[in-house]
Amino acid sequence: MDNIASESSTPTYSTGTWKATWQPVTSFLMDADTHCLEREKPLDDEDVAERLSQSAAKGEWNEVSKICQKDWLLDVPITKLGGTVLHLAAYHNLEDIFELLLQKLATGSPQAESYLKRENIKGNTPLHYAASVGSVRMCRSIIDKASSTTLPSVCNNEGETPLFSAVLHGHKDAFLYLNSICCPHEISNYWTRKNGDTILHCAISEEHYELSLIILRKYRDLVNLGNKDGMTPLHLLASKPSAFKSGNDLRWFENIIYHSFAITDEQELFWEADEQNLETPQVTHGGRHQRHRSTNEATGKQLPPNYRTCFQLVEPVYNAVSSIFASSKKSSRNAVTGVDTENPKRAQGADQGHGHQLKLPPNYSSCFLFVKLVFKAVLCIFEPLELVRKVRMTKVRHTWSILIMNELLKNASMYQFSSVRKSLNNMHEKEKNEKEEALSDLPAEAILIAAKNGITEMVEKIIKIYPVAMYDVDKKQKNIVLLTVEYKQPSVYELLLTLREKNVIKESVFTEVDHEGNSALHLAATKAEFNWPVPGAASQMQWEIRWYEYIKNSMKRGFLPLLNKNGQTPEEVFTKNHEDLVKEGGNWLISTSDACSVVAGLFVSITFSTATALPDGIEGNKHSNSSKIFAGSSFVSFYSSLLAVVMFLAILTSGCRERDFRHALPWKLLLGLTAFYMSIASTLVSFTTGHFFIFRDQLKFVSSTSYMVAYLLVTLFSMGVFPLYFHLAWATLKKVPQRKYQVNVPHWLLED
């Protein structure tokens, strides 16, 4: 080799002669190198692997395909996690590159199966990554190339199969395909990982609700399976308050938009999910490649993205016309055909005639149909707006949760007398205690978790199906009432009071105590672990008192608050738990009143001098409108600022005791701020009127313009302070504390 190389460097031949002479030698050397690669890896394999790693890291996939001329390079670890080029291509969802690399492997060969079963440090195969990115094309290529039935059953370090990875990342198509090729009699080995979580646990936990419902319909046995912590899918759903309307804080205009969307059936949800899914290839249960027929494909027309909203606009028009020309009461009752899946009771409200609702004519819905039609028309026009889109997605998300909750409760095996509990009566005392300790480690029932999180929809549904659920207790012997009071969930507690009035829940449930002897009043006296939606420590303290009094007033007259095992009454518990909050509230009131009293005192001196020093020109116009406005505004400004000073001084001189936060201190602060804002407004009017007398005969246009600008600036700056004032007024006037800021909207605007 060296001799040949040295000879090739002698420049004694022309170019054509050189090619003719050395062409056989060059071919021989290339064949020799190729033979060495096939027989044994050459010495520069590390350089080739390094080039492959660098090209893959830079995303130069065309260069990668050129480097991988030999199939053994597909099995070379090139990442820190020990992944091959097949792992990287699948992870980045490079379907064309992936199939190009697979062409270097013989279909069904042991080498292909070995390379595709190659695991990285985390135990993931290329099929895991193909499933995690939702590529049905890559999954199918891997299965066809390997021709192995064991490849879908390979688990990573967490015990997750490729099927599990597809569910974990919410890819419905990949799940359906992998599910179709899994062995039916071994399917239970594919849906559980090491910590006991099933594919249904992960789908609900990651909020892949469409996939959750598909899994529920396919494998109903998963409903009652718990993980190592004993958490079932229903427990996980009960731990997600944001998945339900009761756990979301919607503003009043968002509430109107929310209820203007009517989702009539679950098929509409599937259609909408398919439209938002960017994966066009779909698979059926048998694994055949086809597409789900959407509404556009079924009609054969190209419809706009918001065609469904347009349909929702046309449908009420048709219903309105039908209701106008209806000839019978039956047709008028059927004017509104839409039923909200999330809250079907609303559609039955007119027929049932609840006691708290007004008695309206049978065709009252036709009267409000026009108003709702206007809302739908507005939504049809402004649907592309971000706010409307987000509210609609929230509505869809909540509707999915209701469907999943109903399906879980439909198939759940709850409140069965298990063999474990049955055998407790036949055990010895020692074995009985050990078994009770094991049972105490189990999670609380789903209704208790839902009550703690304020999910009224689930609490109401479970009690309706299983009335015995009202007696459930957790390991601290706290029932649904005690947990609701302790976690301060007003909406759930109001629901329980309503069910008590209907005799669905017994009175004895409200008088139970926990293992420490605490009653509902004791738990209501504890300090909240969250902040109420009101500003300032003083308002927080006020609502703590109101919550305690609300619970106290809801108890029957015969209920006597007992001492707990620590010998404390509810009042003593309240005082002990709120000492720090009383100090914080007092300091907040003092600092606020101190600052406001200084400014209000300045206004007193200014308005007094303004009222006593009359501007020039007012002497001869005492009975004019301008003079009357000046006199009235000066009077209001002076006395309102004086009243504000008195209110703020009253707060500063008060002792800020615990009971004063109920009425005295909040009302003094509210009156002081009201008088202070009135003083500011009336001072502005007084100054403008007095200034008018000076320039009434000259510079009229300039003075009028400056007045308007001054009013506008003061209004804009005042808007930065008004939210605090309105929040204080809402907190003071609200009878029942709320976990979120709520503004009442007429119910007929919220009907679908």
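Throughout, read-outs are computed from the coordinates displayed, never taken from laboratory work. From a predicted model like this one, the values you see are computed outputs, not experimental measurements. Note: ideal-geometry Cβ built from the backbone for every residue, glycine included; neighbour counts use all protein chains shown.
Over the range 457-590, the alpha carbon radius of gyration divided by the compact-protein estimate 2.2 N^0.38 Å works out to 1.11. Relative contact order, whole percent, for the range 118-274 stands at 16, derived from Cα pairs under 8 Å and 6 or more residues apart. Counting pairwise Cα distances across the range 479-523, what percent come out greater than 14 angstrom? Percentage above 14 Å: 44. Remark: E160, E210, E516 ranked as E516, E210, E160, counting other beta-carbon atoms within 10 Å and listing the fewest first. Remark: S65, S593 ranked as S65, S593, counting other beta-carbon atoms within 10 Å and listing the fewest first. By the beta-carbon count within 10 Å of each Cβ, the least crowded to most crowded order of L385, L127, fewest first, is L385, L127. Note on the range 45-194: along the principal axes its Cα atoms extend 46, 27, 22 Å, ordered by decreasing extent. Its alpha carbons considered, the range 43-108 gives a radius of gyration followed by a Dmax of 10.9, 33 Å. Could you work out the percent of alpha carbon pairs in the range 130-214 separated by over 16 Å, rounded to a whole number? For the range 130-214, the fraction of Cα-Cα distances above 16 Å is 47 percent.
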